[in-house]
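Accompanying notes for the structure given below.
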Amino acid sequence: MKKILFAASEAAPFAHTGGLGDVMGALPPALRREKSDWDVRVVLPLYPGIRERFSSEITYVSKTTVHLSWRKLYCGIWKIEKDNVTYYFIDNEYYFRRPVPYGAYDDGERFAFFGLAVLELMGAVGFFPDVLIANDWQAALSVVYLKLQYARYPFYDHIKTLFVIHNIAYQGRYGQSVFDTILGLPGHRRSVLDCDGDINYMKAAIALADRVVTVSPRYAGEILTDHFGRGMQHILRSASHKLSGILNGIDTVSFNPETDSAIPANFTVANMSGKKICKSHLQSLCGMPSRDVPLIVMVTRLAKDKGIDLVQRILYELLSSDDVQFVLLGTGEWHYEDFFRRAGGAFPDKTGIFIDFNTALSRQIYAGADIFLMPSATEACGLAQMIAMRYGTLPLVRETGGLADTVSPYNQYEGSGNGFSFANYNAHEMLHTIRYATGVYQDKEAWTGLCRRAMASDFSWGASAREYGRLIDKL
């Protein structure tokens with residue numbers, strides 16, 4: 001029986017701010033389902049409210065002391081059993097009783113404590129894994145401390161490490177004083193963490209881990225380049241022999257148009273009539289006429305890396321000259337929010353603009369739309385395009401990262417594909433592709449075939465878990 005321990009800063013439903021939380025909420029149970037004889041566990045910080053929200057499930061396990069440089073720190077350990085996975089929670093209110101998980105002035109110290117606490121937890125609960133899977137910079141130091149300090153001790157000396165990069169842009173980068181006053185490592189180890197004059201948690205984990213994984217095969221290649229590497233490309237190139245990409249999945253039980261109670265009508269690949277009801281409902285919700293025209297939507301964070309500047313460039317032109325409707329749900333940078341509010345005011349009969357974070361509404365948008373626009377400048381994996389396909393909405397994406405790995409562009413001669421894509425980060429190339437897609441929309445037979453292929457695409461976590469299982473077996 002193999003023993004696997006995931007270390008991460010968040011996992012749904014306990015703590016969830018983005019894609020990392022989605023992955024950590026889904027991958028460990030999926031791995032457990034694929035490998036029923038494996039012991040799969042997860043360790044997370046104990047954030048405010050978890051004990052209260054899960055009071056009937058959470059139990060106290062033990063406590064230990066974490067020695068972080070000159071500091072002697074309390075570390076409580078709690079656990080919840082869920083979906084045949086054990087979730088441990090690291091309790092230290094000084095570090096983790098914060099309004100939000102990240103963005104504090106002392107994040108470097110908080111997640112150095114967390115990295116050490118992961119290793120101390122192993123001894124406190126008597127669980128020494130065969131493989132430690134550390135996720136993103138917040139858990140990176142669990143790999144570093146294991147390799148530089150703990151691996152020389154019995155029970156720790158056999159542990160292999162897998163470091164997972166969910167977003168190369170966030171690296172845990174701090175001034176040199178962090179090494180001197182917080183990390184407690186000997187001076188001759190400074191070079192392991194040094195990167196361009198700073199201390200970089202991710203860089204050290206990449207250098208020391210036995211294997212490095214990112215969340216799509218295409219992204220694994222992209223981050224080796226100067227354009228996408230965010231300063232990590234040189235260390236990644238030197239580690240390319242141990243780097244690979246495994247595509248994330250989505251929760252196909254929750255995101256299921258056949259059973260989803262959040263949408264006005266259910267539908268299946270065989271009977272898509274309910275999708276027309278969902279479209280009419282969405283049009284009514286937005287105050288738009290219920291017409292048989294292409295309904296283009298975005299559910300997104302309003303930030304430049306999501307390609308919002310491309311949409312800014314062409315939206316007025318598209319809405320002025322093309323017989324389409326447009327719906328957006330998202331929040332983010334104020335100038336983007338302001339732009340979409342003004343666009344909604346300029347085209348009230350053709351738009352629905354929701355500057356909000358609304359899970360139920362997002363599902364109604366996925367189910368009621370025809371085209372899901374996702375023109376990201378960079379996208380490590382992306383989940384929204386896979387969710388859209390699950391609901392028979394065709395993604396229109398830029399060919400980058402996981403978007404290129406999941407969206408196969410329509411080929412009218414072969415009758416193949418599950419969406420539309422464009423290659424260059426160019427607003428009018430995107431507009432040309434939108435117009436091509438809306439042209440295909442007029443061929444109802446071709447469009448229905450595309451929708452059915454999209455819905456039939458397998459983006460379940462089972463496929464991803466099998467890939468992780470094979471990689472763990474190799475380790």
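Accessible area per residue for the chain in Å², computed with a 1.4 Å probe and the full protein assembly in place, what is it?
On the way: 18770 Å² over 475 residues.
Here the per-residue accessible area is 40 Å².
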Can you give me the Cα centroid spacing of the range 167-185 and the range 353-377 in angstrom? 37 Å
What ranking of Ser320, Ser280 comes out by heavy-atom accessible area, probe 1.4 Å, highest first? Ser320, Ser280
If you roll a 1.4 Å probe over the chain with all protein chains in place, what percent of the accessible area is carbon or sulfur? 50 percent
On a full-extension model of 0.36 nm per residue, what is the gain between Asn271 and Leu475, subtracting their alpha-carbon distance, rounded to one decimal in nm? 69.0 nm
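Give me the percent of Cα-Cα pairs in the range 83-223 that sit more than 19 Å apart, rounded to a whole number. Mind showing how you got there, number by number?
On the way: 5218 of 9870 pairs.
Of all Cα-Cα distances in the range 83-223, 53 percent exceed 19 Å.
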When all alpha-carbon pairs of the range 213-302 are counted, what percent fall beyond 18 Å? 65 percent
Ala303 versus Arg341: modelled label distance in nm, points set 7 Å from Cα along the beta carbon direction: 2.2 nm
Which distance in nm do the two modelled labels at Tyr60 and His234 give, with both placed 7 Å along the Cα-to-Cβ direction? 5.0 nm
Alpha carbon centroid spacing (whole Å) that separates the range 386-462 from the range 191-247: 30 Å
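In the neighborhood of Met386, defined by Cβ-to-Cβ distances under 13 Å, what is the net charge if each Lys or Arg adds +1 and each Asp or Glu adds -1? Kindly include the intermediate steps, with their values, before the conclusion.
Details: positive: Arg390; negative: Asp22, Asp251, Glu379, Asp405, Asp458.
So the surrounding residues net to -4.
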Per the Kirkwood formula on distinct C-alpha pairs, the Rh of the range 151-269 is how many angstrom? 17.0 Å
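Based only on Cα atoms, what mean projected area does the convex hull of the range 15-118 have, in nm²? Kindly include the intermediate steps, with their values, before the conclusion.
Working: hull surface 28.7 nm².
Projected area, direction-averaged: 7.2 nm².
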Which angle between 0 and 90 degrees, to the nearest 10, do you get for helix 308-321 versus the longest principal axis of the chain when only C-alpha atoms count? 10 degrees
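The values are calculated or read from the model by the stated rules, or taken from the named source; none is laboratory data. Keep in mind that this is a model prediction, so the values were computed, not measured. When we count neighbours, we look across all protein chains shown, and the Cβ atoms used for this are built from the backbone with ideal geometry, even at glycine. Calculation scope for accessible area: heavy atoms of the full protein, side chains included, ligands and nucleic acids excluded. Shrake-Rupley method; radii C 1.70, N 1.55, O 1.52, S 1.80 Å.
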